[in-house]
Number of protein chains: 2
Amino acid sequence: MSRIAVIIDEGFEDSEYQKPAQVLEEAGHQIIHVGLKEGAQVSGKNKSAQAHIDEAVTDASVEDFDALFIPGGMSPDHLRADPQAVSFVKDFVDSGKPVFSICHAPQLLINAQVLEGRKITGWKSIVQDIKNAGAEFVDKEVVEDRNIISSRCPDDIPAFNSRILKKLQQLENTRQAAEKT
Amino acid sequence: MSRIAVIIDEGFEDSEYQKPAQVLEEAGHQIIHVGLKEGAQVSGKNKSAQAHIDEAVTDASVEDFDALFIPGGMSPDHLRADPQAVSFVKDFVDSGKPVFSICHAPQLLINAQVLEGRKITGWKSIVQDIKNAGAEFVDKEVVEDRNIISSRCPDDIPAFNSRILKKLQQLENTRQAAEKT
């Protein structure tokens with residue numbers, strides 16, 4: 001199954017991390033928390049979820065993962081103040097591997113300067129920032145444009161989860177077909 | 001002296017509200033808290049400061065104030081999801097009356113679409129958003145461009161306070177000179 005980097009910091013939106021992470025693990029995927037400091041414990045803004053940072057972003061490499069998941073809340077705004085976190089996200093989008101973005105996550109994509117000409121959705125407060133970054137904002141529960149899958153808010157989580165699982169299944173099918181040939 | 005609207009919501013950066021507000025009141029200016037709901041109590045993100053909303057932004061009019069102060073933290077991102085808060089800020093900038101912006105405050109100015117061609121500073125995480133909005137980001141403790149005075153972070157507060165007091169003194173001098181003639 002897939003190895004999924006979750007880039008996360010203090011103040012993430014609890015359900016936007018917890019629910020997709022749970023569904024991914026239940027489907028047999030491996031979650032690796034990437035953050036600013038290895039070994040740190042980061043809390044959700046509602047204090048109902050915590051995550052342990054498995055790997056510092058300075059040590060993380062896109063080659064080690066199959067997909068990237070960026071939860072929302074205040075976490076993306078903290079992470080984008082760190083040039084190495086921004087660079088990791090940029091490398092991921094440029095690699096063509098799947099990137100899952102929800103709520104405030106496009107803030108990291110804006111700083112990575114990868115949104116020009118892309119269709120994406122996100123939290124309502126950042127619509128103008130998304131447009132100013134050259135992207136087309138789409139007001140739907142899930143938007144898929146090449147390797148970026150995005151949703152707006154906690155209400156969209158069921159649709160978000162179903163789409164990211166489907167994307168990972170497609171990856172798996174491609175891998176299995178390649179092994180057979 | 002001047003009547004200053006402070007537009008504020010939950011999760012403001014405590015010191016970025018508290019210290020300028022204190023200095024303004026000590027200088028004899030009147031602070032009126034404008035927010036999403038009249039009578040609400042909003043807290044700073046560090047829970048060391050609180051503010052009581054005196055007036056809902058739906059009832060607020062630029063004509064009733066001499067200047068606008070936008071503290072940082074998560075407050076600007078909450079406020080900019082509200083079209084009437086954005087409209088109030090836009091009217092203020094367009095009026096030519098002084099607007100004091102610190103840290104994440106330019107997020108509100110971005111949504112008000114008033115930054116094209118302006119020089120401004122702000123918190124490091126939003127530099128790309130500021131540039132994408134058509135403004136020139138200036139990495140200095142205080143930046144003054146026409147009616148907008150801006151600073152980056154809590155460390156800049158002494159310089160920010162001194163510049164906004166000077167601006168209000170200039171307003172007062174102009175008013176007194178007009179009364180004499």
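Listing for the model above:
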| item | result |
| --- | --- |
| Given charges at Cβ of Lys, Arg, Asp, Glu: chain A dipole, positive-most of A:99, A:15, A:130 | A:130 |
| Size of charge dipole - region A:3-180 - debye, nearest 20, with Cβ of Lys, Arg +1 and Asp, Glu -1, no other charges | 480 |
| Between region B:106-122 and region A:125-181, the Cα center-to-center distance that results, in Å | 30 |
| Inter-copy separations for residue B:26, label at 7 Å along Cα-Cβ, nm, ascending | 5.7 |
| Shielding by other protein chains, A:115-125, mean Cβ within 10 Å | 2 |
| Rg/Rh ratio calculated on Cα atoms of chain A (Kirkwood radius) | 0.94 |
| Gyration tensor (alpha-carbon) shape descriptor, region B:83-138, a/c threshold 1.5 | prolate |
| Karplus-derived HN-Hα couplings along region B:102-108 (A = 6.51, B = -1.76, C = 1.60, θ = phi - 60°), whole Hz, x at Gly and Pro | 9, 6, 8, 4, x, 4, 5 |
| Cβ-based exposure ranking for A:115, A:36, A:171, B:109, in which fewest neighbours within 10 Å come first | A:171, A:36, A:115, B:109 |
| Sorted by Cβ density within 10 Å, fewest first, the residues A:47, B:90 | A:47, B:90 |
| Residues B:114, B:62 arranged by fewest to most Cβ contacts within 10 Å | B:62, B:114 |
| Separation of alpha-carbon centers, region A:37-55 and region B:49-88, rounded to whole Å | 32 |
| Antiparallel %, DSSP beta bridges [both residues in the protein assembly as shown], to 5 | 25 |
| Debye equation applied to the C-alpha atoms of the protein assembly as shown, log10 I(q)/I(0) at 0.06, 0.07, 0.09, 0.15 Å⁻¹ | -0.25, -0.33, -0.52, -1.22 |
| Difference of contour (0.36 nm per residue) and Cα-Cα distance, residue A:37 to residue A:169 | 44.4 nm |
| Calculated from backbone phi, Karplus (6.51, -1.76, 1.60) coupling profile of region B:12-29 in Hz, x at Gly/Pro | 5, 6, 3, 6, 6, 8, 5, 5, x, 4, 4, 5, 5, 5, 4, 7, x, 7 |
| Inter-copy label distances at residue A:175 (7 Å, Cα→Cβ; nm, one decimal) | 6.9 |
| Label spacing, shortest first and in nm, from residue B:46 to its equivalents in the remaining copies (7 angstrom along Cα→Cβ) | 2.7 |
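Computed from the coordinates by the stated procedures, all read-outs in this text should not be read as laboratory data. Keep in mind that this is a model prediction, so the values were computed, not measured. Using ideal geometry, Cβ is built from the backbone for each residue, glycine included, and neighbour counts are taken over all protein chains shown.
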